[in-house]
Amino acid sequence: MSERVTALGRAGLLLASAALIAKLFAAGQMMKYIAPALDPLTALTGLVLGAMGAMEVRRALRCRSRRHSAGCSSVPRALEHDHGVEGTLERGVTYGVVLLPLVLGMAVAPQALGTSALGGERVTRLLLTFAPGSPATPRPSAPDEPLNDIGPLLAYLRRVGEGSVGQPVRVTGMVMRSDALEAGEFALLRYAMVHCVADARPVVLLVVTPASPDVQPDQWIEIEGELASRERDGDHLVTVLARRIKSVEEPRNPYLFVAY
Amino acid sequence: VPGRLNELVVVFVSIVLQSQPFVLLGVFASALAQRYLSAERLARWLPSGRFSVVLLACGFGFVAPVCDCGVIPLARRFRAKGLPLYATTAFILAAPVVNPIVLASTAVAFQADWTIVGLRMAMTFSVAMTVGLLASSLMPEAPPALVATPATASEGLEEPPRPLAAIAAHAAAEYVDIALFIVLGALFTAATQTFVPRGDLIALGGSRIGSVAALMPLATLLSICSEADAFVARAFAATFSTGALLAFMTIGQIVDLRNGLLLFRTLPGRLVALIVVVAYGLIFVEALAVNRVLLGP
């Protein structure tokens, strides 16, 4: 395979990678893959990939303008051999595989991870508990900001522990059902990520309702209620006593980005 | 897209996206080494004696803080410049953890618990040193890695290229070369995360031995970046023993699905097998010892 074709192939991959990053930012989909804290780094990566692709295009054009491809190479021959210029088939397979995530990223409208992503972990093991040593007799301690989602709620729980019992709360998440839960109970699931979806871990709250609500697994809902504590198997579970439950669309940003 | 397929695609694409900045860092470091580090200079810098060389390789992450995604390109270039295979291996194993960025992220995740930070570094260091020294004794004539023979920047050129163009061209070639293995590793990891049940594995967390035995393969399976895994480990802190958390953070950067193919591409198969056996054995024993010391008999 000629140096020119090799350079054009590399340029295509590099520019396609840059295009994927640009598309995900433009469509507001990047946060469904990567934590927003990494946005500057990801954007810089897109720019560098784009610049590298443009330089490879330029190199290919220089190759075309010369009779001998060796004259346009700025990569040592030893390295060229290292990178397998010899095999057209190998090169085709390589490019096909590397293009796969780029094509999928371009074509698929990503949705948040659902309950199936728990990989069989039991709901009862995932339920959020108050930290051991929380005060046995809860003392009201008002939050600095309204507890209008799970993120602020986690920050508040870290500060006051079981002293949060009785505070009004509004939380959004996905419905989880389990036979291990009692009548009138279900679990509310959100995922928290550090860098990307691959490291996402579940944050699961126990929800108690006066009557069995008409909600389905993986359905996004918003709950207004009051924080409570339920003892189960020696643990004190963070519990939401639901007053109102309504169905909502999947949030634009379905993940929590907290060091949970 | 149906639930499971959506999960597969989202995890797959996210791993590829997330690894790209770190891979770029690695390939540019490799390109700089290719251009500015001659084999003669490297030979002059290396101390005499295998122990000293392995020790230096294990600590080189403090000079070149690359994570597990970026370490391979740089290691390949060092190898091509004549760094002994056993030292290259020690560098690959140690650098993703024994570097200031990862140690800082571990400290943040564990709220400045310096015992955890120190033990994480020590356990990684011990595996890298052990494998490096064993490799230097067991396979001194091991075949070179699948990289080029030592090449200098001027080889194959009719005239010296402009530095920036040459570095960018090297980086592009290296990037495309390892992208295949990054993508295959990401696909394998995403498929495993999506389709392999791990509930029973995590259910073992109750006992000290069981918790270590459960979290080690989980770390291999999840293949989380070295700068993020401490935060995930902390999420397990309520369920698993301290030794298990340390084992999770150590083995996950040495034996993981995502970079496994790249490791096979870079090192001889026998050496990769040695890494897996030594890492799993040593980390398991060390984690149990940590549990005994920190949590009592």
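The set of residues from the stretch B:11-47 being away from every other protein chain (no Cβ under 13 Å) and within 23 Å of A:Ile34 (Cα to Cα) is empty.
Would you confirm, using the coordinates I've provided, whether A:Ala242 is in contact (Cβ under 8 Å) with a residue 40 or more places away in the chain and within 24 Å of A:Ala131 (Cα to Cα)?
Numbers: in contact (Cβ under 8 Å) with a residue 40 or more places away in the chain: no; within 24 Å of A:Ala131 (Cα to Cα): yes.
No.
Sub-7 Å Cβ pairs linking a first residue in the stretch B:240-268 that is touching a residue at least 60 places away in the same chain (Cβ under 8 Å) to a second residue that is of a type in the set (A, V, I, L, M, F, W, C) and not in a helix (DSSP H, G or I), at least 6 apart or interchain, are B:Leu245/B:Phe236; B:Leu245/B:Ala237; B:Gln253/B:Val97; B:Arg265/B:Leu146; B:Thr266/B:Ala145; B:Thr266/B:Leu146; B:Leu267/B:Ala145; B:Pro268/B:Ala142, ordered by first then second residue. Could you please let me know if B:Val232 is within 14 Å of chain A (Cβ to nearest Cβ), in contact with a strand residue (DSSP E or B) (Cβ under 8 Å, 6 or more places away or on another chain) and either modelled with pLDDT of 85 or more or open to solvent by less than 20 Å² (accessible area, probe 1.4 Å) (or both)? Yes, satisfied.
Could you tell me how many of the residues in the stretch A:171-188 are over 22 Å from the mean Cα position of the chain (by Cα) and over 16 Å from A:Arg230 (Cα atoms)?
So the answer is 3.
Within the stretch A:2-15, residues that are over 8 Å from A:Gly53 (Cβ atoms) and more than 10 Å from chain B (Cβ to nearest Cβ) have Cβ atoms under 6 Å from residues that are open to solvent by 40 Å² or more (accessible area, probe 1.4 Å) and in a helix (DSSP H, G or I) in these pairs: A:Ser2/A:Ser69; A:Glu3/A:Ser69; A:Arg4/A:Arg64, counting only partners at least 6 apart in sequence or on another chain. Report yes if B:Leu184 is more than 9 Å from every other protein chain (Cβ to nearest Cβ) and either touching a Lys or Arg at 6+ places or on another chain (Cβ under 8 Å) or under 30 Å from A:Glu56 (Cα atoms) (or both), otherwise no. No: the conditions fail for B:Leu184.
Kindly check whether there is at least one residue in the stretch B:97-111 that is in contact with a Leu (Cβ under 8 Å, 6 or more places away or on another chain) and at pLDDT below 85. Scanning the stretch B:97-111, I find no residue that is in contact with a Leu (Cβ under 8 Å, 6 or more places away or on another chain) and at pLDDT below 85, so the answer is no.
The values are calculated or read from the model by the stated rules, or taken from the named source; none is laboratory data. Every value quoted in this text rests on a predicted model; they were computed, and no experiment measured them. In this analysis, Cβ positions are derived from the backbone assuming ideal geometry, glycine residues included, and neighbour counts consider all displayed protein chains. The accessibility values were calculated without ligands, DNA or RNA, using every heavy atom of the protein model including side chains. Shrake-Rupley method; radii C 1.70, N 1.55, O 1.52, S 1.80 Å.
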